[in-house]
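FYI, it's all coordinate maths here, none of it is from the lab. Note that this is a predicted model, so its numbers are computed, not measured. Cβ placement follows ideal geometry from the backbone for every residue including glycine, while neighbour counts extend to all protein chains displayed.
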Amino acid sequence: MDTELTNTLTLCLLEKAIAYHRWVFEKISPYLGGNILEVGCGIGNLTSFLLNHGKVIVSDINEGYLRMVEDKYRNHPNLKGVLLWNIEQNPAQNLNMPIDTIFCSNVLEHIEKDDAVLNIFSQLLPQGGRLILLVPAIRGLYNGLDKELGHFRRYNRAELIQKLTRNGFRCCHINYFNLFGMLGWFQWHDFEKAPSISKAD
C-alpha cells in the first residue's frame, strides 16, 4: 500500500477517537507555553485542543491536509497561520509570529536525517523555548507496520536524549507514553511473522 494512503487512512480512523486525543492533550498541556507551532498537523486531530490553549500556527508537508485543517478552523481566533513546510528546510522567514513551543507528534520517525530537523527546531526556539516531541518507542518493536507508515526508526530513550542534547536541548521530562499500545505492536509483530498468515496478491 502507498505510504501516504496508509497514513491518511490511519489519521481518518483516529479522527473519531476524541477521548484519546483529549487524553494526549491532557498529558502534554502542562508543557505548552506561549505561541505554538504544530509540526505535522495531519488532518487536525489534535489541533482543536491546541487552539483552545493558545495561538497556533499549523504546518504539514501535505497540502491536502492543510486545506482540511484550514477549512475546519479558519474562523478560530487562535489560528494564526497555515504553513506548507518540509521540516528538513528552515521556515523561519515564513513564520508570522515568534514561536515559544513546538509540538511535534509522530513525525520525526518519518525523517531520515532526524538530527538535522532537531537542529532546525532548536534554531526556531528562543532560549527557554519548549519542544514537545512524541515518537514511537522501543527500537525492538520496529516491524512491518512501521514500514507501511514510512517510519525510518523507533526510538530508545538514551538515543533520543543524546540526539536532543547535541542539538541544543535540555531534557526536562521524558517518559514512555501509552504503554498499553505496545501490546498491539507486539501482536502485529507476531502476526507478521506467523507462517499461517500470507499477504494477498
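Between Lys27 and Met97, the contour length at 0.36 nm per residue exceeds the Cα-Cα span by 22.6 nm.
Is the stretch 21-108 rounded, prolate or oblate when judged by the Cα gyration tensor, a ≥ b ≥ c being the square roots of its eigenvalues, rounded requiring a/c under 1.5 and prolate requiring a/b larger than b/c? Let's see the in-between values first.
Values: a/c = 1.30, a/b = 1.20, b/c = 1.09.
Note, shape of the stretch 21-108 comes out rounded.
Full-extension gain between Asp115 and His173, please, as 0.36 nm times their residue separation minus the C-alpha to C-alpha distance.
18.9 nm
Net length available on complete extension from Arg67 to Gln127 is 18.4 nm, with 0.36 nm assigned per residue and the Cα-Cα distance removed.
At an R0 of 30 angstrom, the distance between the Cβ atoms of Gln89 and Arg166 translates into a FRET efficiency of 0.90.
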